[in-house]
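Trainee: Right, I'll just put the structure down here and ask away after.
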Amino acid sequence: MRIRLSMVGGVLALLLVAQVPTTSQERVHQLGKIKVLTIKVPPEVAKTISSKKALNLELLQSSITYRQSTPLLKLRDGKQVALLPVEVEPMPSPRERERAKMQIAQLAPYKQYIQHATLDPRIVVRLIGSTIDHRCCQTAIRDQLDRNTCTAFASVAGIEAFERRNKNRDLDLSEQHTYHITMVDTSSTCRQDPGAYTYMLAQYLTNSKNSTETQFPYTDWLSLPTNDSTHVPAACSNVGTYGFTDTQVVLGTDWGGPADQNANNPEYLESLLTAGYDMVYGMYVAGTDWSDGTAETGIIDVQNYGGSPAEPYGGHAMLLVGFVRGGSIYGVRARYFIFKNSWNTTRGHEGYFYISYDYIRTYGKYGYIIKSVAD
Amino acid sequence: MRVVSLVMIAMLFGLSGWQEMGAQVSRSDFWRVELKEAQQLTVNTGDMILVKSRTLAFVPANLKKTFDVTYDRSRFRLIAEKPPEGEGSIGKQYYFLAVASGTSEITIQIKDLHGEVVEAIKLEVTCR
């Protein structure tokens, strides 16, 4: 594969700090030819390379390995720096074609979820590891109105998508009932409306079951009765039908998640999406991208204030349904996750929000995937 | 019987001694205030105060709302600020350390997209 590496500051000198040998297992394949363009270097590398002069292509090639489709440059001190592939040649090498064929076989269980999926290796090799999009498998975008019920909407969206994908059923389940279950389990009320911990809904909807929107329709806050127990329709008061039988909670690093398989690791989230799972996901809210139009025109990203990430001022839950890796949006190359939000179709990209990998690394909290449902 | 009585007396002495020791240890209290309306609080220097703002639903109608806090920096030190727990709402939780005696106010403001204060709730703190 021919890749252009874009890095600020000078790839030239990178090479002198690069270390040649890496293990053969790590080296999935190497670059055939490098085109050196404008340079973009992470700050920690820029300092080291500022005094270097020469470019040693052989050294560079032998120092780059791949983790999935991300090229990694191994430095002399053992650190690895991820390089951004900004352009991939359309024609893959024979070796890459073979690799693509293998990946196509692995994709079989979830091929239907990949946008524009095709068996043409030239296209598939770009799709694998670059785009997974489950938007096609979702039910309609909903609206949580004026309440703190995002956790209920994200969880219900997760069940509906699971039912649609695995049982070919289009359901419209009750967010009102889900939130009521959550409030009962947290000794609160829908009227108090305190919000919830997203990952806990995996447990709540396993212990109690949900009903349909028709049975228990959603209302705004003002329409809720003062007494929570009186607003549960008789049809839902005993036991509902829809809920989980098996889920997997994924915690972020600040919440006790393991080193690799945690909610802040984009590669792990990619792997879950690639395996066909959506993820009910809770995150901090920070920065102005949510409110200044960026959510509608681009990607919500980490904003720096005085050299530090913006302080979070809230929390939000959405359904993680896809990722775009090394793709572009409005001409800007980016990596981002696709989330199904519950703010109607007038917000975000027709109801879906694009959130950068860095945002997830910085502000991701926890979530859960649905493995099986009861009905 | 006599032995048991002696043991009990010894235990009583021991307990009273422990209480005396406990009274000599200086300690700081931790106060938690949910500031939904104006309130008053009396604390000691060295106490920690967690002031929780009112929360708003994180929905489009509240996207332009921001939270701010004003306080007397000579009497309080802002140790940390955090968002509300869980998901669904926006707001702020401020951790203050009372560093000097006197009476002053901690005010949490909610501002609109123009920076205008739409709500201001005061906590009057007397620090001994």
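Trainee: In Å, what Kirkwood hydrodynamic radius results for the stretch A:272-375 from the alpha-carbon pair distances?
Mentor: 14.3
Trainee: According to a simple spin-label model (label point 7 Å from Cα along Cα-to-Cβ), what is the distance in nm between B:Leu97 and A:Thr230?
Mentor: If labels sit at A:Thr230 and B:Leu97, their model points lie 5.0 nm apart.
Trainee: Going highest first, how would you order A:159-165, A:246-252 by mean Cβ packing within 10 Å?
Mentor: A:159-165, A:246-252
Trainee: Right, next: Count charges around A:Ser188 for me, please; just the other residues with Cβ under 15 Å from its Cβ, Lys/Arg as +1, Asp/Glu as -1.
Mentor: -4
Trainee: Using a 10 Å cut-off on Cβ to Cβ distances, tally the other chain neighbours for every residue of A:189-196 and report the average as a whole number. Could you put the intermediate results ahead of the total?
Mentor: Details: counts 0, 0, 0, 0, 4, 6, 11, 5.
For peptide A:189-196, the averaged partner shielding equals 3.
Trainee: Same structure again: Given the convex hull of the Cα atoms of the stretch A:188-301, what is a quarter of its surface area in nm²?
Mentor: 10.2
Trainee: List the pairs from A:Lys79/A:Lys340; A:Lys74/A:Lys371; B:Lys36/B:Lys82; B:Lys64/B:Lys122; A:Lys209/B:Lys52; A:Lys340/B:Lys36 whose alpha-carbon separation is above 28 Å, in the order I gave them.
Mentor: Values: A:Lys79/A:Lys340 36 Å; A:Lys74/A:Lys371 38 Å; B:Lys36/B:Lys82 17 Å; B:Lys64/B:Lys122 22 Å; A:Lys209/B:Lys52 33 Å; A:Lys340/B:Lys36 32 Å.
Pairs exceeding the cut-off: A:Lys79/A:Lys340; A:Lys74/A:Lys371; A:Lys209/B:Lys52; A:Lys340/B:Lys36.
Trainee: Within 10 Å of each Cβ in peptide B:62-73, how many partner chain Cβ atoms are there on average? Round it to a whole number, please.
Mentor: 2
Trainee: Across all directions of projection, what mean area in square nanometres is found for the Cα convex hull of the stretch A:138-248? Intermediate values should be presented prior to the final figure.
Mentor: Details: hull surface 26.0 nm².
Projected over every direction and averaged, the Cα hull of the stretch A:138-248 covers 6.5 nm².
Trainee: I would also like to ask the following. Quick check on packing: order A:217-223, A:341-347, A:266-272 by the mean number of other C-beta atoms within 10 Å, highest mean leading.
Mentor: Result, highest mean Cβ count within 10 Å first: A:341-347, A:266-272, A:217-223.
Trainee: Quickly work out the A:Asp170-to-B:Glu105 label distance, labels modelled 7 Å from Cα along the C-beta direction, and quote it in nm with one decimal.
Mentor: Each label point lies 7 Å from its Cα, and together they span 5.7 nm.
Trainee: How long is the gain from A:Glu350 to A:Thr186 if the chain were fully straight, where each residue apart is worth 0.36 nm and the alpha carbon distance is subtracted?
Mentor: 55.8 nm
Trainee: I'd like the interface area for chains B and A: accessible area of each alone minus the complex, both sides summed, 1.4 Å probe, protein heavy atoms only. What is it in Å² to the nearest 100?
Mentor: Numbers: alone 8740 and 17510 Å², together 24410 Å².
By this definition, chains B and A bury close to 1800 Å².
Trainee: Hey, can you rank B:121-127, A:193-199 by average C-beta count inside 10 Å, highest first?
Mentor: A:193-199, B:121-127
Trainee: If R0 is 41 Å, what FRET efficiency do you get for B:Thr70 and A:Ala140 from their C-beta distance, rounded to 0.05?
Mentor: 0.40
Trainee: Turning to a different aspect of this structure: What's the average, rounded to a whole number, of partner chain beta-carbon atoms within 10 Å of each residue's beta-carbon in B:91-102?
Mentor: Averaged over the peptide's residues, the number is 1.
The values are calculated or read from the model by the stated rules, or taken from the named source; none is laboratory data. Because the structure is predicted, anything quoted here is derived from the model rather than measured. Note that each Cβ is placed from the backbone with ideal geometry, even for glycine, and that neighbours are counted across all protein chains shown. Just the protein is used for accessible areas: all its heavy atoms, side chains included, with ligands, DNA and RNA removed. Shrake-Rupley method; radii C 1.70, N 1.55, O 1.52, S 1.80 Å.
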